[in-house]
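Just so it is clear, none of the values below were taken in a lab; they were calculated from the coordinates. Just so it is clear, the model here is predicted, and its values are computed rather than measured. Please note: Cβ atoms are built from the backbone with ideal geometry, for glycine as well, and neighbour counts cover all protein chains shown.
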Amino acid sequence: MDTTEYLDVFIDESTEHLESLYKHLLELEKNPTDKTIIDEIFRAAHTLKGMSATMGYSDLANLTHKLENVFDGIRYDKIKVQTEMMDVLFDAVDHLNAMVEDIANEGDGSRNVREVVDQLERIENGEETGQAKSEQPQQQLDTAASLEKVATLNEFELSILNESADRGFSNYEITVELREDCLLKGARVFMVFEVLEKLGEVIKSEPTVNDLEEENFENSFTVLLVSNFEQTEIEERIWKVSEINQVTVNHFSISAYNQEQEEQKEQKKQQAEVEQEANTPDDQNSDKQVKQKTKGSTSKTIRVNIDRLDVLMNLFEELVIDRGRLEQISTELNHNDLQETVERMTRVSGDLQSIILTMRMVPIDQVFNRFPRMIRQLARDLQKNVEVEIIGAETELDRTVIDEIGDPLVHLIRNAMDHGIETPDVRKQKGKPEQGTIQLEAYHSGNHVFIEISDDGAGINRDKVLEKAIANEVVSQSQANSLTDNQVYELIMASGFSTAEKISDISGRGVGLDVVKNTIESLGGNISIDAKMDKGSTFSIQLPLTLSIISVLLIELQQEKYAVPLSSIIETAIIHKDKIMHAHNKKVIDFRGNVIPLVFLKDIFAVPAEDAQENDYESIVIVRKGDKLAGLVVDSFIGQQEIVLKSLGNYLTNVFAISGATILGDGQVALIIDCNALIK
């Protein structure tokens, strides 16, 4: 069977099962006697084994089978969960994950897992397992083998096997292998069947009886037999037939068969859905699901290629530009019918925009679910006791943001593990619980998503940070005296800044945080830090819901138009020039009790000066970056508008204070101001 068309579905579903294994293994470590968790792990491993075998990835299937055997023993109290065992189980899942990643990268999924297999076998055959456990894997293997060799049973055959089991008869699966030099295979088969019919009743054979009579088989065949004879007696009788190379007789488990049949039906159902989706070749690379409600409050899922959603988004962006043009024309013409039509089109396109953006949304759980496993491993490496709490994992973010935010979060968590959380003995001396806590929280607020990484560790030493900052000439002594606590903490995100006593291979508080900051700001977000000595630290990240269509305030400088993102704006103001003051050779204003520096955009962007009438008032846009404020001085405000963010291209990648451009309704290009670059 050609399985290439199902490869992407296999990778997606395998990744989901591996994530489930990681998640439930972490829960099992905390609750080793919880049968529900063990059943979930067994189910995920069992499904992954079946999928791998179907796709032909034998190494993946064999390792998963060993893992499944261990959990089968745990499930029936033949194996006791221990800490050392958990390390082996996590290691096994790591190998499985590496195999799936290799397959995703067009590999064959092969991997040397002899060591971890030996460890799993030792767990499986440990003293706690007993003889019954050692026989269990063979029985499972035999049942699995039988299901591969024996065709699906019909209702009549199944009823006979069930009835015979109820009456005390035994159901056997018998595999007979003839010698390679056997000349009359059909005659030998007839002699074997003659023996079997004296022992009981043959229910089914594979290949069929006709194929066996016509010798349309290799050297082996399998039959299901109902008999009240012992297994050894049946083997001895069959061995009396000449030219037989091997005989295998095993009990056939009806309950196991029924379970496998149900799973096969479910797999066939899923496969049928996949085949239907695979009719469109582009859907093979699909990695995005769109859900729609149908009658009876059931939901159906289709997989949509993310590239198609990107094309759809690009087309809608062009529609937004044309919508702006129509709005401008209707305003200029002042035609009632045209204005009503444009208003209706604006409402409809707004709804369409919401749907498209929703389709691109992905739960942040896809990023968060990798961290518990990472934290557990780091805790063992650092000999610390750490618990992770995840809140708001269902919070959704644009796919583009999700792809970029993972690495910064990993760095912040590694910092918290290495320099935030103390060792158990230090925590005990401070009167804290020996187990530290790292909390990951995500939530929506307006058009933004906030992600907070908190720990209850040592916090940040304010004096130490200031001392290092002055030594590195990041700030002067006079500036240091006027900094607030939060401003001091943000100094650790300066390039190359670190307060660590020694450099470790895990992290260094501050080493690389400038990269984290730059990555977040490149996504249109910002990061702030709050900490208390010996109480802990909180890194708060603010991100936009989407990066393509944003709301802005259009402003004017002479004849040039610029856009300021609304997410950065506090408010707008018009002040008299007499209100402008000077401090530290800079022009500032008093805004609600705060001294705010003014930024004259004409000077920043070198706008050509034109003769204009002197005005006693200045138009100012108050913008924010974290706790810092600034006033952007402009000529006039045009108004609020939704615009499409366009890149400036590869030739204009480092333009100061400009994050992109947009096309306005009248065809003019307006540059989008990066407020973060203007606030020092």
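Observations on the structure shown:
- 15 Å beta-carbon shell around His576, net charge (K/R +1, D/E -1): -2
- Sequentially through the stretch 32-47, phi angles give Karplus couplings (6.51, -1.76, 1.60; θ = phi - 60°) of x, 9, 6, 5, 4, 5, 4, 4, 5, 5, 4, 5, 5, 5, 5, 5 Hz, Gly and Pro residues having no value and appearing as x.
- For Leu629, net neighbour charge (Lys/Arg +1, Asp/Glu -1) across residues whose Cβ lies under 11 Å away: +2
- Amide hydrogen proximity for Lys587: with H placed 1.01 Å from N in the peptide plane, the residues at 5 or more positions away or on another chain lying under 5 Å are Leu598.
- Spherically averaged projected area in nm², based on the convex hull that wraps the Cα atoms of the stretch 373-436: 5.0 nm²
- Ranked for footprinting exposure by Cβ neighbours inside 10 Å, fewest first, His24, His576 give His576, His24.
- Legend: distances between Cα atoms for Lys432/Lys535; Lys587/Lys628; Lys625/Lys646; Lys561/Lys586; Lys384/Lys428; Lys464/Lys535; pairs beyond 18 Å are Lys625/Lys646; Lys561/Lys586.
- Equivalent ellipsoid semi-axes, the stretch 306-360, via Cα gyration tensor eigenvalues times 5, rooted, Å: 26, 11, 6
- Under 5 Å from the amide H of Ile575 lie the amide H atoms of Glu618, Ile620, each residue being 5 or more positions distant or on a separate chain, with H modelled from the backbone and absent for Pro and chain starts.
- Applying both filters, DSSP loop and at most 11 other Cβ atoms within 10 Å, to the GluC sites (Glu not before Pro) of the stretch 391-425 gives Glu394.
- Inter-centroid distance (Cα atoms) of the stretch 584-627 relative to the stretch 19-49, Å: 60 Å
- Applying both filters, DSSP loop and at most 16 other Cβ atoms within 10 Å, to the GluC sites (Glu not before Pro) of the stretch 584-642 gives Glu610, Glu614.
- Table column - 3J(HN,Hα) (Hz), the stretch 473-487, Karplus curve with 6.51, -1.76, 1.60, x for Gly and Pro: 6, 6, 9, 8, 4, 5, 5, 4, 5, 9, 7, 6, 4, 5, 5
- Percent of C-alpha pairs per 5 Å bin in the stretch 68-119, short distances first: 5, 17, 23, 21, 16, 10, 6, 2.
- Peptides ranked, highest mean first, by Cβ atoms within 10 Å: ranges 40-49, 579-588, 658-667: 40-49, 658-667, 579-588
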